[in-house]
Structure formats: structure tokens, C-alpha cells
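Below: the structure, in C-alpha cells.
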Amino acid sequence: MTVATEGPARFIGTHEHSLDTKGRLTLPARFRASLGESCVIGRSEFGDNCLAIWRMSDFDDYSNQLLEEDRKDPAVLRRIRIWTSEAFFAEIDGNGRLAVPARLRNFAALTREVLVIGVIKTIELWSPDNWTTYRGGEDA
């Protein structure tokens, strides 16, 4: 499947999906088309209780930005170490599924239901409860 776009593809929208018994998540078709066959999954770079999925090229761009930061600053170094230590390279299988590591599932409180949210250059995975809390309630 190809997605016709002008310029770089953007991730937008919210999709309700479920983890299977092996911790795999089927990604929305539109998102898969923009990701390709592999990606990086890790904690949100914003520090929220969710996970982020990156296209390889966008992960490389963000990593290069991190290399430019003042790593002599202990707070910056701590943030970089924690963020990169929780990131994993992942393959998307022929059925469009992504295996979410147990450690990351536990961090983001992902059990069965998962909200798959497009955030322009990344895809975020939220538990419905964490998303409701983040938004400030049901109707925020």
C-alpha cells in the first residue's frame, strides 16, 4: 500500500486497537504505509506515560539533535540516557503487527486496549486511562 503525499507523511488521528496475547499491536494501515518495515519504539520523548513509535529517518534526525545538546549538563545526560536505554529497534511483520516489549507495555500501562495516536512525526501508544488523565477528563 502506498500513500500519495506532497512532502513528508504526517501521523494524525486517534485509532482504537488491541494488543494480542503475545503483546503485538496491529498498526493502522495508513500509519504502516508511512513507517515501512521497521521502526523504533520507546518512551515518549516528552516524558509522558505513553510510548512513541518513530520512522527510522525521524529517529535519526531526533538523535542527531540530542547529540548537539550539552551532555556535560547532568540533567541533559540523564534524560538522554534514560530515553535511549528504553528505545528498541522493531520490525513490523507481514500482518502489520508490531511487538511491544513487556517493559514498555508495563511503563505505559498497556494491557489490552490501546489508543494509537498520530502526533505529526511520531505515533503514540496510550492506555485509555492514561489518555483520559492526560486530557483532563472524558470531554477535554
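What to note about this one:
- Sorted by Cβ density within 10 Å, fewest first, the residues Arg71, Arg55: Arg71, Arg55
- Relative contact order for segment 61-140, counting Cα pairs under 8 Å that sit 6 or more residues apart, in percent: 14
- Backbone HN-Hα couplings from phi across segment 95-108 [Karplus 6.51/-1.76/1.60, Hz, Gly and Pro as x]: 9, x, 9, 10, 7, 9, x, 4, 4, 6, 4, 5, 4, 8
- For the chain, built as a Gaussian network whose Cα springs stay under 10 Å, the top-fluctuating residue of Asp61, Asp73, Asp48: Asp73
- Pairs of alpha carbons in the chain whose separation is greater than 23 Å (percent): 34
- Gaussian network model of the chain, Cα within-10 Å springs - most flexible of Glu69, Glu45, Glu113: Glu69
- Relative contact order %, the chain, counting alpha carbon pairs below 8 Å whose residues are six or more apart: 35
Bear in mind these aren't lab numbers, they're just calculated from the coordinates by the rules spelled out. This structure is a prediction, so every number in the text was calculated from the model and none was measured. Quick reminder, even Gly has a Cβ in these numbers, built from the backbone with ideal geometry, and neighbours come from all protein chains shown.
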